[in-house]
Each structure stands twice: as C-alpha cells, then as structure tokens.
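Notes for the one structure printed next.
The values are calculated or read from the model by the stated rules, or taken from the named source; none is laboratory data. Here the structure is a predicted model, which means the values were calculated and not measured. Cβ atoms come from the backbone with ideal geometry, glycine included; neighbour counts cover every protein chain shown. To get the accessible areas, we keep the full protein, side chains included, count just its heavy atoms, and leave off ligands, DNA and RNA. Shrake-Rupley method; radii C 1.70, N 1.55, O 1.52, S 1.80 Å.
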Amino acid sequence: MRIRPRRNRKSAAVRDLVQEHQVQAHDLIFPLFLLENSTGKVEVDSMPGIFRLGIDNMLREIEACLNVGVRAFDVFPVVEEKYKDKMATRSYDENFFYLSAIRRIKKEFPSVCLMSDVAMDPYSTDGHDGIVGESGEILNDETLEVLGKMAVAQAHAGVDIVGPSDMMDGRIGFIRDRLDSEGFKNTSIMSYTAKYASAYYGPFRDALDSAPKSGDKKTYQMNPANQREALIEAQLDMEEGADILMVKPALAYLDVIKLLKDNFDLPVAAYNVSGEYSMLTAAAQLGWLDREAVIYEQLLAMKRAGADIILTYFAREFAEFMHR
Ligand code: PBG
C-alpha cells in the first residue's frame, strides 16, 4: 500500500497540521435573554444553565465572555404581557428597557458587536412575527412598516447588526432603505434567510413567553421539506442588500448551510437554536453523552458545512473550555 490515509492521523501534532476546520470563540454570537428587572436572574426551565438576566447581571455576563474571547451578542427581551399590543409598539419605544439596555451595553463595552432581532413576536399580544389580520392571516406589507421602525430604533440605540427574523417578503430591502434614509448606512443586516418552521424553537419561546397565541408560523417560516426554496430566499436577500445570510436551525439543516455557502459569496451564519441546546443538555444530564465533546463536535459540523458564524447558547461555555 503506497497510500495510507492513517499517516495523517498518527499523532496529535500531525492531526492538527492537517485539520481542515476550526471553531474559534470569535466566530460565535451568544444569544442573551434580557429581563426588565435590572437585578433579575431566572433560569429557563427547558434550557438548564441558561438564564434570563437583568441588565446588571448581563453586563457581568458580557464581561466574562469578553475575557474568553466571545465578542458578539444577540440580545432578546423578555416582555411582560402588560407591555404587549397588537402592533408591537414597544419594539421601537426608545424608553423601553430593551433599547435602554442596548445603549448601556454599548456605553460600557464599546468594542462588542451587538445584534438584535427584528420581528414582532416578543412584543405582540398575538405572539406572531407580523401583524395578524381580521381572519388570522399575517399581513406582509403592513408589517414591513413596523419592522422598519424597529430596525431604525435599534440602530439608533447602537446595535451593530440587525437580524430580521420575521420572514416577511421584501423586508431586507425595506429595512435597508429605512436605515439608509435615517443615516444608518453602516448598520449591518444579518438576514434570517432560510428560517424553517421548526419545533426546535420551543425552549426559546418558553424563555421569552413568546409562543403564538393561535395558529402556527407556517405561512411565513419555511417548510422543513424544502431545500431549493432556500436559494430563492438567499437570492432575494442578497439583491435587497443583506450583509450576512443565516440558516436556522443548524443541525438538522446542515445541507442548507452548505447549499448557501456553495452558491453565494456572502458570509453564512448558522443558528444553533434553543432546542438543540436543550437536547444535548438533557442527554448530558442523564450521563448519556459527553457534554463538552459533543458541543465541540456539533459546532465543528456547522463549520464544516460552511458556517462562518455560529449563534449558539454554548458560546461562553465553549470559549471557557477552549481557554483551559
Ligand atoms: C423570533 C425568533 C425565534 C427564534 C429567534 N428569533 C423564535 C420563532 O421564530 O418562533 C428562535 C431561537 C431559538 O430557538 O433559539 N422570531
């Protein structure tokens, strides 16, 4: 045998030399859940180890992350029912605790990259990403107006990257125009390009108490059976001015990550969603899986599929154990 692939695996030093993909702390974005009560800290039942934090605790969390090289954060507000309404008006209220917290974080840590979701669900009494019409349908074009206001308010507060997660048609171009006309031409857009109607978002909806009050999200989020449809979404997002394309969820959609990576020159992000966190956490708690090893292997799989960026609830933990 002249060809022996095992030669490239013979020692750790050789394996490291020929290793194709890496996961680094600076590739990761850590999603954080923000409470109104500044000193609050409440664990998410379905995501053991993940806490909803008030701003005081969140600032400490961010500092700990920076110390291990995680520099990007995606902040989601936990909005009490009394603040919700049909048109999600708190989503662009600059005095609301969410936008105050964004300003505070940028003031304390100017070097962090802050991302923010653009969608109505956390602020809406209907729990949908868009406006719900008379007969229960989600009104696309009317919703764009709300999303535009939300994105501009977030940019104004200091967000570096807005993340439209709503899946309305035409939203990237609409938001780009609104940001530009308000002078926010350097605010980036990471589009939730291929966002599937997935049951893996369950724990996230528990964390934010943002589940839809009626119906499901299948008229706007994509059908998990479809791959080619992701190309249509990606083409539109690119033409409308997206800076980064995202695929969500990640693990069950590695083929879609690869598809976008092969067909577009924009950076590709993968959202390692709440349900993926919970599954692994549960199996590790039962002693059935090696938590750290599987976290690494899963993040590596997303990289191998083509993700440049990974949004993951494991960000801090991964960076900590890589740091040891
Ligand atoms: C809001 C939004 C969701 C997630 C990110 N932004 C939930 C949904 O669309 O229902 C899910 C994130 C996760 O599960 O970790 N539009």
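For D74, the residues 5 or more places off, or on other chains, whose built amide H falls under 5 Å of its own are F30, L32, M115. Sorting 92-101, 180-189, 306-315 by average packing, meaning the other beta carbons within 10 Å per residue, from highest down gives 306-315, 92-101, 180-189. Highest GNM mean-square fluctuation among L17, L59, L231, for the chain modelled with Cα contacts below 10 Å: L17.
Determine, at each q value in 0.15, 0.19 (inverse angstroms), the log₁₀ of I(q)/I(0) that the Debye formula gives when each Cα of region 21-146 is one equal point scatterer. So the normalised log intensities are -0.77, -1.08. Spatial offset of region 228-295 relative to region 4-39 amounts to 15 Å, using the alpha carbon center of each. According to the square roots a ≥ b ≥ c of the eigenvalues of the Cα gyration tensor, what is the shape class of region 186-324, taking rounded for a/c under 1.5, prolate for a/b larger than b/c otherwise, and oblate for the remainder? Judged from the Cα gyration tensor, region 186-324 comes out oblate (a/c at least 1.5, b/c at or above a/b).
Residues whose amide H lies under 5 Å from that of G127, counting only those 5 or more places away or on a different chain, are K213; hydrogens are built 1.01 Å from N in the peptide plane.
Label-to-label distance for N186 and E43 is 4.2 nm, based on points extended 7 Å past Cα in the beta-carbon direction. D by Stokes-Einstein for the chain, Kirkwood Rh over Cα pairs, 37 °C, 0.692 mPa s: 162 µm²/s. Report D for region 111-225 in µm² per second (integer): Stokes-Einstein, Kirkwood Rh on Cα pairs, 20 °C, 1.002 mPa s. Diffusion coefficient, whole number: 147 µm²/s. For the chain, the solvent-accessible area of protein heavy atoms averages 46 Å² per residue (probe radius 1.4 Å; ligands and nucleic acids excluded). Membrane-span-like helices in the chain (whole DSSP H runs, Cα extent of at least 24 Å along the helix axis, mean Kyte-Doolittle hydropathy of at least -0.5): 140-157.
What a 1.4 Å probe finds exposed on region 5-323 is 49% carbon and sulfur by accessible area, rounded to a whole percent. The packing ranking of peptides 39-51, 156-168, highest mean first, is 156-168, 39-51, where packing means the average number of other beta carbon atoms within 10 angstrom of each residue.
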